[in-house]
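To start, the structure under review is shown below, and the notes come after it.
The values are calculated or read from the model by the stated rules, or taken from the named source; none is laboratory data. A quick note: this is a predicted structure, and the numbers were derived from the prediction, not measured. All Cβ positions, even for glycine, are placed from backbone atoms using ideal geometry, and neighbour counts span all protein chains on display. These area figures cover heavy atoms from the full protein model, side chains too; ligands, DNA and RNA do not enter into them. Shrake-Rupley method; radii C 1.70, N 1.55, O 1.52, S 1.80 Å.
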Amino acid sequence: MLEIQFFQKIEFLQHRLVAVKKSVMVKTRKVFKNLSCLTVISYKFKGENIMKRCAIVTADLQNAAANKHAARIKAVEAFLPEHTEFLNKMRAKGIPVVHLQQIYDPNDPRKYKHTDYDKKFIEGSHEAAILDEVCQESDIIVQKHRDSGFYDNNLHDVLQAMNVEVVILTGMQSQICVQTTAADATFRGYEVLVPSDGVSATKPEDTERALDWMQKYVGTVKTQKEIYDDVLAGELIGGKHT
Amino acid sequence: MKMTKDIGRIVLDHGTGGLLSEDLISSIIIPRLGSVSTGELADSAVLDMHGKKIAVTTDSFSIDPIFFGNGNIGKVSVCGTINDLAVSGATPLYLTLAFIIEEDFPLADFEQILDSVREAAQEAQVHIVAGDTKVVGLGEADKIFVNTTGIGYFKHGRTHISPRNIRKNDNIIVTGLLGNHSIHILSIREGLGFESRVLSDCAPLNGMIAQVLEDHAPDIHFMRDLTRGGLGSVLSEVVALSGLGVEITMDKLPMQYEMKMAADMLGINPIYLANEGNISMFVSPKATNDILNKIRQHPYGKHASVVGHVTDDLIKRVIGLGDDGQITIIEPLYGRELPRLC
């Protein structure tokens, strides 16, 4: 018996686009072929635990971003201690942690991307560095210059080298870099998990909306504890070079 | 709602095809030009040349970024003007091509743009007959801006395509996927992750339009390309110009799944997004199926769909019907949905 989760259709409801997510149990390949669906999200044999290799990818947990202004500092303080603990527990279980590091590109053709704030993210600077609390020596740092963590860099190669199938996306901001990286990860064939208490934005309502969107379109939203429980249950194992 | 005279200066919203663009033209440009302007605001001007009708149109392009996944500013500059001529029912013949280039612009990039101009012009079967090149200092322009002017003629003297010719019960066909061009450009500009999944629809549509006109010209009452302001702005304009209403069925709008995802993420309505290879056609009910089938046979029209029809209800508005019966009024766009897409 195979359980298939899929998006059946997209529709307008109350001025919003809504993706209809469904799952079915099928016995034969014929039924699978006849499914009326847009995108298959996942499939697994009922009763079987399929171990999937995963990695945590954090977005923009950097000094300049975390200390941008008072509201941001407050938002980061609210989520960082538990998230740091989550990262430590996951590392202890062999889950690799990859930090996306936004770096200022002096040649960025977008003229509006050369503000004083953007220029704080100069490569090698303290401002651009990953927060001490979340960064360990074993972690991998991948630089990026755009919102999506996959844009024109080697993140995909890094994950592929570790045979990663599931990307656990955390960090900030939920509605920009986390959300776009989630979309890009899906398009590249990764399963996306987003811990609702492992992402942050200056405005809580932005995180709420981003989580709704990610749950609808590209991934599964769980808590950090639920994801850690998946690791303990053996459903998620750390990505590893072969 | 602040209009041009209240604002007192030019703002980005004046260039995005919405209400403010229209206000700039009608309240400032046309009155100021006075009798030297015809005052007509169609996609192409229809001019009498010693008894023969010709179509003339002009457009400027400032797209950012100038290079995108499946095209560049050169391709957009040819296709945009070709399509403006074609939707007026004209057969494009000639283009002019003018550049404003920022000092230090790489020659290799310029050559690549010229290659795209050549390829698009070859596909559209037009000749470039005049051009101009101006170079400005660093920072005085953003890399390269292009202007093209197009000239066409009306086969069999067909000049009936006009909003005045739209009839009650006309069906509305949209020939391609909505919003892809805008989402592609925006995704490349900001690195949103959709750029490889959602490609620009930029294409010269004169070939497809000519095929349909050949057999069905009398049944095609009006056409408009869905560039700045998208379908929403075109339908609002049709309502204003025709004195009729429009009803569209929201789930008939042709949209790619990933484009919807992106629009929902950004909180923007795809109905207002700019396209560069997509038009709306207002056609008589009796010929709708034949026209639709013909369009779908063309590579640029395979996603064509009948999205609604023209009404003469008391409420002269653009009404969107949801599949749950919910009614949405589609308002004219005031200013920018997204800037510098074409």
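When B:Asp215, B:Asp290, B:Asp251, B:Asp225 are screened for being of a type in the set (Asp, Glu) and buried (at least 22 other Cβ atoms within 10 Å of the Cβ), only B:Asp225 passes.
Taking the numbered list (1) closer than 23 Å to A:Phe79 by Cα; (2) touching a Lys or Arg at 6+ places or on another chain (Cβ under 7 Å); (3) surrounded by 14 or more Cβ atoms within 10 Å (Cβ to Cβ) in turn, A:Phe121 passes all entries but (2).
Scanning segment B:19-29 for residues that are within 15 Å of the chain's Cα centre (by Cα), on the phi < 0 side of the Ramachandran plot and not assigned by TED's automatic domain parsing to the domain that holds B:Ala141 turns up at least one hit.
Which one of these is within 14 Å of another protein chain (Cβ to nearest Cβ), more than 21 Å from B:Asp313 (Cβ to Cβ) and of a type outside the set (Ser, Thr, Tyr): B:Ala262, B:Ala287?
Details: B:Ala287 fails: within 14 Å of another protein chain (Cβ to nearest Cβ).
Criteria check complete, one pass: B:Ala262.
Quick one: is A:Arg188 open to solvent by 10 Å² or more (accessible area, probe 1.4 Å), in contact with an Asp or Glu (Cβ under 7 Å, 6 or more places away or on another chain) and without any contact (Cβ under 8 Å) to a residue 40 or more places away in the chain? For A:Arg188, the condition - open to solvent by 10 Å² or more (accessible area, probe 1.4 Å), in contact with an Asp or Glu (Cβ under 7 Å, 6 or more places away or on another chain) and without any contact (Cβ under 8 Å) to a residue 40 or more places away in the chain - is not met. Just one residue in the set B:Lys260, B:Lys286 is more than 25 Å from B:Ser182 (Cα to Cα) and not assigned by TED's automatic domain parsing to the domain that holds B:Asn72; that residue is B:Lys286. Please tell me if A:Ile227 is of a type outside the set (Gly, Ala, Ser), open to solvent by 10 Å² or more (accessible area, probe 1.4 Å) and farther than 27 Å from B:Ile183 by Cβ. Judged against the criteria, A:Ile227 is not a match. Counting only residues that are within 14 Å of chain A (Cβ to nearest Cβ) and of a type in the set (Val, Ile, Thr), segment B:211-238 holds 0 of them.
If we keep just the residues of segment B:25-75 that are of a type in the set (S, T, N, Q) and within 14 Å of another protein chain (Cβ to nearest Cβ), which is farthest from B:Asp201 (Cα to Cα)?
Our first condition is that a residue be of a type in the set (S, T, N, Q); within segment B:25-75, this holds for B:26-27, B:35, B:37-38, B:44, B:57-58, B:60, B:62, B:70, B:72.
Okay, now just the ones that are also within 14 Å of another protein chain (Cβ to nearest Cβ), so B:62, B:72.
Working: B:Ser62: 17, B:Asn72: 12 Å.
Of everything passing the filter in segment B:25-75, B:Ser62 is farthest from B:Asp201 (Cα to Cα).
Mind listing just one residue for me: the one in segment A:150-177 that is closer than 27 Å to A:Glu235 by Cβ and within 14 Å of chain B (Cβ to nearest Cβ) and, of those, most open to solvent (accessible area, probe 1.4 Å)? So, considering only residues that are closer than 27 Å to A:Glu235 by Cβ and within 14 Å of chain B (Cβ to nearest Cβ), the one most open to solvent (accessible area, probe 1.4 Å) is A:His156. If the condition is being open to solvent by 10 Å² or more (accessible area, probe 1.4 Å) and part of a helix (DSSP H, G or I), then segment A:194-223 contributes A:Pro204, A:Glu205, A:Asp206, A:Thr207, A:Glu208, A:Arg209, A:Leu211, A:Asp212, A:Gln215, A:Lys216.
Does A:Asp147 satisfy the condition of being modelled with pLDDT under 95 and either more than 14 Å from chain B (Cβ to nearest Cβ) or touching a Cys at 6+ places or on another chain (Cβ under 9 Å) (or both)? The answer is yes for A:Asp147.
Checking each residue in segment A:87-100 for being over 14 Å from the mean Cα position of the chain (by Cα) and open to solvent by 10 Å² or more (accessible area, probe 1.4 Å) picks out A:Asn88, A:Lys89, A:Arg91, A:Ala92, A:Lys93, A:Gly94. Taking the listed residues A:Tyr190, A:Tyr151, A:Tyr217, the one that is of a type outside the set (A, V, I, L, M, F, W, C) and under 22 Å from A:His241 (Cβ atoms) is A:Tyr190, with no other qualifying.
In this entry, A:Ala128 is excluded by the filter for residues that are in contact (Cβ under 8 Å) with a residue 60 or more places away in the chain and open to solvent by 10 Å² or more (accessible area, probe 1.4 Å).
Within segment B:271-278, is even one residue of a type outside the set (Asp, Glu), closer than 10 Å to B:Thr175 by Cα and open to solvent by 60 Å² or more (accessible area, probe 1.4 Å)? No: zero hits.
Going through segment A:186-242 one residue at a time, which ones are within 22 Å of A:Leu155 (Cα to Cα), within 14 Å of chain B (Cβ to nearest Cβ) and of a type in the set (Lys, Arg)? Correct list: A:Arg188 only.
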